[in-house]
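Student: Got a structure for you, questions after.
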Amino acid sequence: MNIKTPRLTITTFSTDMAQTVYENSQDEDTRRFVPDEVYNSVEESLTAIEFLISRYNSADGPFVYPIITNDGGQNIGYIQLCKLELEDEEAWEIGYHIAKDFTGKGYATEAVKAFLPVMAQKLNLNEVYGICLAENTASVLVLEKCGFSKIYQGLGNYQGKEMQIIKFLIKL
């Protein structure tokens, strides 16, 4: 994977990224919105990276890729496409996280707009979901800017808990 945008490169993980993955997982937004992606040590982030690398050639992912700035080569977060567990269909969900120090600059929107068409073609997808906590206004804005339509708002399962969510869908 090597997707370039004017400001970003979406690429594959390497084990030498464990330190920055650990550091990026420590901010308050990660703890609040994606607590299952907070790592307690560099070694724990390395284990996660090794697993994610092992999934790149699979058919069912998860497909998770780091987002690197083109000016300075900083690892600022990740973007992913993961299978959703729906009873009657195979479905996929997009996810992303930009480290707190880099938010508010349009990086997530830029990454989603570049990543989604490539992965949709690779996996032969005609629709993708985006699900976030209702209070995560930044993520809501990213999905709206990227052409997703809101299809549900209310209580739903998020990270194993009943919470207020917003579910989006994009038809490709």
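Read-outs: derived from the displayed coordinates by stated rules, not from any lab. Owing to the predicted nature of the structure, the values given are computational and were not obtained by experimental measurement. All Cβ positions, glycine included, derive from the backbone under ideal geometry; neighbour counts span all protein chains shown.
Student: Name the residue that is surrounded by the fewest Cβ atoms within 10 Å (Cβ to Cβ), counting only residues in the stretch 145-163 that are out of contact with any Phe, Trp or Tyr (no Cβ under 8 Å at 6 or more places or on another chain) and under 20 Å from ILE79 (Cα atoms). Steps first, answer last, please.
Tutor: The initial filter retains those residues of the stretch 145-163 that are out of contact with any Phe, Trp or Tyr (no Cβ under 8 Å at 6 or more places or on another chain), namely 145-147, 152-163.
Imposing the further condition that a residue be under 20 Å from ILE79 (Cα atoms) reduces the set to 145-147, 158-159.
Numbers: LYS145: 14, CYS146: 20, GLY147: 13, TYR158: 17, GLN159: 11.
So, considering only residues that are out of contact with any Phe, Trp or Tyr (no Cβ under 8 Å at 6 or more places or on another chain) and under 20 Å from ILE79 (Cα atoms), the one surrounded by the fewest Cβ atoms within 10 Å (Cβ to Cβ) is GLN159.
Student: If you don't mind, there's one more thing I want to ask. Could you pull out the residue among ILE53, ILE49, ILE79 that is buried (at least 18 other Cβ atoms within 10 Å of the Cβ), part of a helix (DSSP H, G or I) and not small (Gly, Ala, Ser)?
Tutor: Among ILE53, ILE49, ILE79, only ILE49 is buried (at least 18 other Cβ atoms within 10 Å of the Cβ), part of a helix (DSSP H, G or I) and not small (Gly, Ala, Ser).
Student: For the condition in contact with a Gly (Cβ under 8 Å, 6 or more places away or on another chain) and either over 30 Å from ILE165 (Cβ atoms) or among the β-branched types (Val, Ile, Thr) (or both), what is the one hit in VAL38, VAL21, VAL42, VAL34?
Tutor: Within the list VAL38, VAL21, VAL42, VAL34, the selection yields VAL34.
Student: Now a separate question. Give me a count of the residues in the stretch 62-99 that are touching a residue at least 24 places away in the same chain (Cβ under 8 Å) and farther than 15 Å from MET17 by Cβ.
Tutor: Residues flagged as touching a residue at least 24 places away in the same chain (Cβ under 8 Å) and farther than 15 Å from MET17 by Cβ within the stretch 62-99 amount to 12.
Student: Just to verify a result, which residue in the stretch 105-146, among those that are under 16 Å from the mean Cα position of the chain (by Cα) and in a loop (DSSP other than H, G, I, E, B), is nearest to ARG31 (Cα to Cα)?
Tutor: ASN136
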